[in-house]
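Written below as structure tokens is the structure these notes are about.
The values are calculated or read from the model by the stated rules, or taken from the named source; none is laboratory data. Please read all numbers here as calculations on a predicted model, not as lab measurements. Every residue, glycine among them, receives a Cβ derived from its backbone with ideal geometry; neighbour counts consider all protein chains shown.
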């Protein structure tokens, strides 16, 4: 952590598809993410060892037998972000799992991409995750994306203690064993609750993603994910539906974790005063180059963004135990201790995100990136005090992907035009969008997010909205920010002037210098 003084150089700040070099007020605390940790070395050997020596479970080979029905789920492109360059660890895990199944005489194997209500993936995207050999062997008859609107292939496997129905993909519900393969990089990933999210239906996820559930999870400490005293922190609703899945289908989880080497250059993980002349030139070139490219060029660059991650751990076995182990590895890579809360937190949003699909963030996802993703990345208390202010660098504009986000367009134009309050939106509009046949058709056939998708992302901003007195987007369109319920400013100085009524004219300021991702723990 750094405190800005007269000698501090301008600091790198992400702002959507661009980067800036910004001078911060004297005394600003700058929280840097930890340096990338080394990888495990031989990834294939680490995978083999995890399958042979799992936590809380017999080895995978002991769970496989001739004549059984094996289902394998694999996480979609939401994680890691940016995507993996080259061979994806999930493909390497799948190859060893499938080899073990073949050696055990298992012939009936089905693979499901666990995309849930998120957009289904193209064939090329699936191939990038599972690898060409697995893709050619199984696509499209034994390998497909989950379809949350395919009623004929959804099976109710039980109801939670609160009466919530748990409907999951038929191939999973009827399996003798489910092997769940994923990469864990951020809060809320891993465990049975997250597995239900990828394999179920809107009816099953209403309770998990509703405003009340999101608020309860944040109050319970699940906003930043992670573990407390060795148990997975998750919302009560996610825990309830996850328990139903775990009781209905035997699950063997395999999770890899990655380090913080997000690229495209080492300047992203170095302190500015450590930059070489080449780093400075690259930082300037990235910002200026993206500015000059124009919309289509920037979109192409964003679509092709990839990182050379190192795999820091591979764990297999009982799903909750695997989630705990994965989170310990993530915590070791990302956690930073911070002394006390501040009046203002400043963040810059990068050009990639879990739901963008290679496109610039639309207004809803820009708000989600700041208020749900970055804000929630803490253990215990957030780095900004209650009734403090958040200043976000992002050129918020009414731009959407017509391919991936048709319901987002209407959510912005129709829903937010009437109200930005999550509870009001949930009560008045959610069911209409969730059951609209046109959105359902686009989800099933055209790579679009489900009709209810923007609602869930908006609800996830509710805890931050309740905590903060002011949110200001530097570089954002004023009319668009106003529709979101926030303010816009041209410069950092303007933003600090706007929030002065809430935090005073000499506030304490913390800048979260990210990406790479970090998790704060306020002492």
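Remarks
- Flag if residue 442 is in the same structural domain as residue 358 (by TED's automatic domain parsing), in contact (Cβ under 8 Å) with a residue 12 or more places away in the chain and either buried (at least 23 other Cβ atoms within 10 Å of the Cβ) or assigned to a helix (DSSP H, G or I) (or both): yes
Residue by residue, here is whether (1) closer than 17 Å to residue 198 by Cβ; (2) part of a loop (DSSP other than H, G, I, E, B); (3) outside the structural domain of residue 452 (by TED's automatic domain parsing) holds:
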{"site": "61", "(1), (2), (3)": "no, no, yes"}
{"site": "66", "(1), (2), (3)": "no, yes, yes"}
{"site": "94", "(1), (2), (3)": "yes, no, yes"}
{"site": "118", "(1), (2), (3)": "yes, yes, yes"}
{"site": "127", "(1), (2), (3)": "no, no, yes"}
{"site": "147", "(1), (2), (3)": "yes, yes, yes"}
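- Subset of region 396-419 (residues that are part of a loop (DSSP other than H, G, I, E, B) and out of contact with any strand residue (DSSP E or B) (no Cβ under 6 Å at 6 or more places or on another chain)): 397, 398, 399, 400, 401, 402, 403, 404, 405, 419
- Scanning region 37-76 for residues that are touching a residue at least 60 places away in the same chain (Cβ under 8 Å) and at positive phi turns up just one, 56.
- Close contacts from region 470-490, counting a first residue that is on the phi > 0 side of the Ramachandran plot and a second that is assigned to a strand (DSSP E or B), with Cβ to Cβ under 7 Å and a gap of 6+ residues or different chains, come to 475/15; 475/393.
- Restricting region 250-279 to residues that are assigned to a helix (DSSP H, G or I) and surrounded by fewer than 16 Cβ atoms within 10 Å (Cβ to Cβ) leaves a set whose member that is modelled with the lowest pLDDT is 266.
- Only one of the numbered conditions (1) free of Cβ contacts under 8 Å to residues at least 60 places away in the same chain; (2) within 23 Å of residue 384 (Cα to Cα) is not met by residue 2, and that is (1).
- In region 53-67, the residue that is nearest to residue 331 (Cα to Cα) out of those that are surrounded by 14 or more Cβ atoms within 10 Å (Cβ to Cβ) and in contact with a helix residue (DSSP H, G or I) (Cβ under 9 Å, 6 or more places away or on another chain) is 55.
- The listed residues are 371, 349, 416, and the only one of them that is in contact (Cβ under 8 Å) with a residue 60 or more places away in the chain, more than 20 Å from residue 492 (Cβ to Cβ) and assigned by TED's automatic domain parsing to the domain that holds residue 498 turns out to be 416.
- Condition check for residue 515: under 23 Å from the mean Cα position of the chain (by Cα) and in a loop (DSSP other than H, G, I, E, B): yes
- Of the candidates 434, 493, the single residue that is in contact with a helix residue (DSSP H, G or I) (Cβ under 6 Å, 6 or more places away or on another chain) and either modelled with pLDDT of 95 or more or crowded, with 22+ Cβ neighbours inside 10 Å (or both) is 434.
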